[in-house]
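Read-outs: derived from the displayed coordinates by stated rules, not from any lab. These figures come from a predicted structure and were not determined experimentally. As a convention, Cβ positions derive from the backbone with ideal geometry for all residues, glycine included, and neighbour counts pool all protein chains shown.
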Amino acid sequence: MTDQPAQPWSQPQHDQGMQQQAQPPYGQQPQYGQPQYGQPAYGQQPRYGQPAYGQQQYGQPAYGQPPYVQGAPHPSYAPAPYGQPGFAPQPAPPKKPALLPAALPVDGLPYAMAFQPLERRVGRWFLAWAIAIGFFFGGQVVSVALLMPGMVDFFSTLDPATASDPDIAADLLGEILGTPLGMAGVNMAWAAMIPGAIVAMAAFGKGAAGYASSVVGRWRWRTVGRAAIVILPIFAVYIGISLWLDPSVEWQWNPNWGLVAIVLLTTPLQATGEEFTFRGLLPQMMAGWRVHRYVPALVMLLPVAAVMVLQPATWYLSLLALVAAAVGPWVLRGRFGNAVWTGLATGLLFGAMHAHPSISATLQLSLVGFTCSMLTYRTGGLEAASVLHTANNVFIMVPLALTGTSAFASSQPVAGEDWLSFGITALALGLAYLAVHVFLAKSQRSTVGAPGAELLEPQPEAPRVQPTPEPVGAR
């Protein structure tokens, strides 16, 4: 015999029988003085796997609580009734915040600077460029597809004896672009940049696509209507005088109604697409850099190089556009200065792209581009600039189409080769800007800050507190 205490499994059979008789049947509540089912009687040691006296068996509810029903939440994890202790419901986990660089826009910025600071959005900046370039080449594919029937017809009727004529390229362009389908091809190539610029800016985050149109974050049709009220009469008179003074126009009633229809349907899209490119995409991708002010010059390298290759006659304007993008951010500071240098850079590039042989005519086109940039700054969006550009092109092309001539196949008579035409153009553009400045004075000109955008601003460093040295022997 040993001095070890008796274990529960070594109890006599009659003791275990007494314990089983003292317990209630399974599933019934015990009477007063009886232990719970599966528990030892008072004063006895629990058997192996049996809970101690007063503790609940696993899976059994506490005394006074309803039994557990399969499929229902466990009572210990369910919210407790009012006035009784229990576990409070856990709150839902917080949602993952949006990426900080997508917060748009910072408060109080003009249209060209709406995506500032681009230093916090470098990856999205490259993605936006890739999207815009993809849409641009997509528009060229559409243009070539529309021009292809005219090219096939031209070469099928070409005399082999004149194939070596150096003027054959000019004849080809005049023959193709003088048709309604040819004009549609040129117009749709630029119209593709409307969705191109919008989708490209959408790369900057949720809601960013709308800021490709205006500082409000959407296209403002009311601004379009109000701008048209003041711009259309001025340009109707201006273009009428310019065409009347041009001796190269042969006024004869020989309407090409297909050409008239294409002008009215697609020229507004072409003009607006150019505005989204030259007054929207390019300035916004340049003017948003605060610290790295050398980036605008890098941005202009690609379009300047392309224009110099395609239009070598206006190489000097292309170089001036590059100089404006390189020097402007360092010399012309602030919101207005930013609008001036971006307007100069894109306006000069706009004039160089049209490749008119006359300097005065090319400067007229550059002045049109600069005026559109200042209208964009003044109204906070592309709407008024698009109206001016559309009025300029439509009022030129419709009268020519009524004489049976395409503006793309002519010498662009509105861009006269004398300085008188330049003076008339400057006067009309000045009047149009002044009318918009007065009539649309209440247009929103700057952005309203989005929640979280202030975190994009550089945060001031907390001042460092120098520890006070303890005197010697203080301890």
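General remarks:
- Restricting attention to the range 192-236, the residues that are of a type in the set (Gly, Ala, Ser), in a helix (DSSP H, G or I) and over 8 Å from the mean Cα position of the chain (by Cα) total 5.
- So Val249, is it within 23 Å of Phe350 (Cα to Cα) and of a type in the set (A, V, I, L, M, F, W, C): no
- Condition check for Thr376: assigned to a helix (DSSP H, G or I) and in contact with a Pro (Cβ under 7 Å, 6 or more places away or on another chain): no
- Output for the range 331-357, where each listed residue is assigned to a helix (DSSP H, G or I), among the hydrophobic types (A, V, I, L, M, F, W, C) and in contact (Cβ under 8 Å) with a residue 12 or more places away in the chain: Phe336, Ala339, Val340, Trp341, Leu344, Ala345, Leu348, Leu349, Phe350, Ala352, Met353
- Test: residue in the range 296-308 that is within 16 Å of Thr277 (Cβ to Cβ) and not in a helix (DSSP H, G or I): no
- Total residues in the range 214-258 satisfying the condition of being within 18 Å of Gln444 (Cβ to Cβ) and hydroxyl-bearing (Ser, Thr, Tyr): the figure is 2.
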